[in-house]
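Before any comments, here is the structure.
Each reported figure results from applying straightforward, stated rules to the coordinates on display, with no laboratory input. From a predicted model like this one, the values you see are computed outputs, not experimental measurements. No Cβ is skipped: glycine too gets one built from the backbone with ideal geometry, and neighbour counts run over all protein chains shown.
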Amino acid sequence: MINPIIFLVLIKTLFEIRKIMKGAGDKMKIDNNPIEIEAMAAFRCGDGDEGNRLQDKFLSEFHDSLKRKEDFCPCTADCKHHGRCMDCVTIHRGHDDHLPNCLHAMLNRRIKKLSELSEHTLKVTED
């Protein structure tokens, strides 16, 4: 198991490399964002203050991208709520039928990992 301090240093180093390589015109990456990944690592290591600081930084970048009117919404559906995350999630929570498109890839990755526990032998049966 990797030492949590070493892990945080590695994450910070990767973040610094990303910052150097990122051009001024690049739009914000929300999914698997290095800042948010680093925040979660800090929380898991018990450093809530650092985790909160990093999440505030992530949200600040997000709000800046909103001000620049960047389109970061991965949904390809013809939807009048495109790019308005709070409205979209509220609607999906309201109808309780399916998840927003932007959460599909994350959920599918998690389901795949769960399915690996039974060597992908899950069989869907009708009741």
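A few points about this structure:
- Whole-Hz Karplus values for the range 107-115 come out as 5, 4, 4, 5, 5, 4, 5, 5, 5 Hz, taken residue by residue from phi with 6.51 cos²θ - 1.76 cosθ + 1.60 and θ = phi - 60°; glycine and proline positions read x.
- Across 29/123; 57/80; 67/113; 27/112, pairs whose alpha-carbon gap is larger than 31 Å: 29/123; 67/113
- Protection-proxy order for peptides 43-49, 95-101, 118-124, each taking the mean of Cβ atoms within 10 Å per residue, highest first: 43-49, 95-101, 118-124
- Gyration tensor verdict on the range 73-127 (Cα atoms; rounded if a/c is under 1.5, prolate if a/b is larger than b/c, oblate otherwise): prolate
- In a fully extended conformation the segment linking residue 6 and residue 97 would gain 28.5 nm over its present Cα-Cα distance, using 0.36 nm per residue.
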